[in-house]
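Remarks on the structure that follows.
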Amino acid sequence: MLRMIWWLSKKLGPDRAGRLAAGIAGVTGPLLSRSSMLSANLAVALPGLPDSRRRSLVRLAWREIGRVMGEFPNLEQICVAEADERLEIVEHYDMEPIRRRERQAIFVSGHFANWELAAGCSRKARFPLSVLYSPQANGAVDAMVQHYREGLGVEMVPRKQAVRGIIKALQKGRNFGLLLDQRYDEGQDVPFFGHDTPSGIAAAQIAIRMKLDYVPVRIQRVKDAHFRITFMPSIDPDPGCGTPMEQAIDMTRRAYGLFEGWIREQPESWLCLKRRWPRNVYRSIGQDI
């Protein structure tokens, strides 16, 4: 069934496929069990939000998720489009040394708009990139996902090989990218929207150890399958924080601070369907998950 849906999406192209999938997901998504997790995450991130507004944001977020699914078979068209200029690149961080391979960086982002394009923008911005990904449990589905991800033009590193994969890619002269807004149960506690949550600080630790730039990347949907990708200024370690681990926690905290601002500005674009905080955080605000 998924193969047929993505075949049709490919035929329709990214704009029409995205609109069609958004309409379907906006109706069916809120009825799914995962929708309660999406609502609970918004309740933690945006306390005091009226229930009616949160329900509206949940519907809008499902529409955005639908767009991502409809666009997935069209990733290559989005990434390489020239006439349409589907990807607008904004550089508040100087990318030229990265393009000339005079510097390397670790790029961090989150599940915003079509998060796949945090990796795909490397084709447009012309720099080598490896990224971390979580394989699908279903082998056939994973094969299809990886087939379409080939259009991103990046090297894919399985999440189980995270630290080793990052270091190996960097040693080959590549840069590395990963989505930071996930829960890492074995990670260090870092505040996110005022609540400590286990977080992955390994990327910041490697950036400190290897003297790399640590660069947040924002993905925004402009309209249909047209996006703005913004490379933010590098987050540098603060020697006043103490040990390298404490510095890495602080760098991750500052990246989260940017994410918080983006989510408050466009809450419907944050597509978080998994538990993000410890369960006691949800219970403290009356969210039973």
With the convex hull built on the Cα atoms of segment 123-280, state its orientation-averaged projected area in nm². 10.8
Charge dipole of the chain built from unit charges on the beta carbon (Lys, Arg +1; Asp, Glu -1), centred at mean Cα; most positive-end Cα among Pro267, Ala140, Ser39 is Ala140
Quick one: divide the alpha-carbon radius of gyration of the chain by 2.2 N^0.38 Å and tell me what you get. 0.98
Could you work out the local net charge near Arg174, counting Lys and Arg as +1, Asp and Glu as -1, over the other residues with Cβ closer than 11 Å to its Cβ? +2
Simple spin-label model, 7 Å along Cα-to-Cβ: Cys241 to Val163 in nm? 1.8
Pairs Lys11/Lys223; Lys124/Lys172; Lys168/Lys211; Lys11/Lys124; Lys172/Lys274; Lys160/Lys211: which are spaced more than 26 Å apart, C-alpha to C-alpha? Lys172/Lys274
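With Cβ to Cβ distances under 14 Å as the rule, what net charge do the other residues near Arg275 carry (K, R +1; D, E -1)? Let's see the in-between values first.
Working: positive: Arg34, Arg183, Lys274, Arg276, Arg279, Arg283; negative: Asp181, Asp185, Asp288.
Combined, the nearby Lys, Arg, Asp and Glu give +3.
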Nearest 5 is fine: what % of DSSP beta bridges in the chain come out antiparallel, could you say? 40
Of Val27, Gly66, Ile89, which is farthest along the charge dipole of segment 1-97 in the positive direction, counting Lys and Arg as +1 and Asp and Glu as -1 at C-beta? Val27
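Please report the carbon-and-sulfur percent of the accessible area for the chain; probe 1.4 Å, protein heavy atoms only, DNA, RNA and ligands left out. It would help to have the intermediate numbers written out before the result.
Details: 7040 of 13680 Å².
Of all accessible area on the chain, carbon and sulfur atoms account for 51 percent.
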Is it possible to state the helix-based mean residue ellipticity at 222 nm for the chain, with each DSSP H run of 4+ residues giving -39500 (n - 2.57), the sum divided by total residues, to the nearest 500 deg cm²/dmol? What is it? -14500 deg cm²/dmol
Most mobile listed residue (Arg253, Arg34, Arg63) in the chain, GNM with C-alpha springs under 10 Å: Arg34
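DSSP loop trypsin sites (Lys or Arg not before Pro) in segment 157-212 with at most 11 other Cβ atoms within 10 Å of their Cβ, which ones? Provide the component values of the computation, followed by the final result.
Working: sites: Arg159, Lys160, Arg164, Lys168, Lys172, Arg174, Arg183, Arg209, Lys211; in loops: Lys172, Arg174, Arg183, Lys211.
Within segment 157-212, the qualifying trypsin sites (Lys or Arg not before Pro) (loop, at most 11 other Cβ atoms within 10 Å) are Lys172, Lys211.
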What does the charge count around Ile249 come to, taking other residues whose C-beta lies under 14 Å from its C-beta (Lys +1, Arg +1, Asp -1, Glu -1)? -3
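When the dipole is taken about the Cα centre of segment 121-229, and only Lys, Arg (+1) and Asp, Glu (-1) are charged at their Cβ, what size is it in debye, to the nearest 20?
580
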The alpha-carbon center of segment 250-279 and that of segment 180-211 are separated, in whole Å, by 12
Model label zone, Val141; criterion: amide N under 17 Å from point 7 Å along Cα-to-beta-carbon; scope segment 267-289: 272-275
How much of the DSSP beta bridge set in segment 26-185 is antiparallel, as a percent to the nearest 5? 0
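The values are calculated or read from the model by the stated rules, or taken from the named source; none is laboratory data. Keep in mind that this is a model prediction, so the values were computed, not measured. Cβ sites come from the backbone with ideal geometry, for glycine too, and all protein chains shown count toward neighbours. With ligands, DNA and RNA removed, areas are computed over all heavy atoms of the protein, side chains included. Shrake-Rupley method; radii C 1.70, N 1.55, O 1.52, S 1.80 Å.
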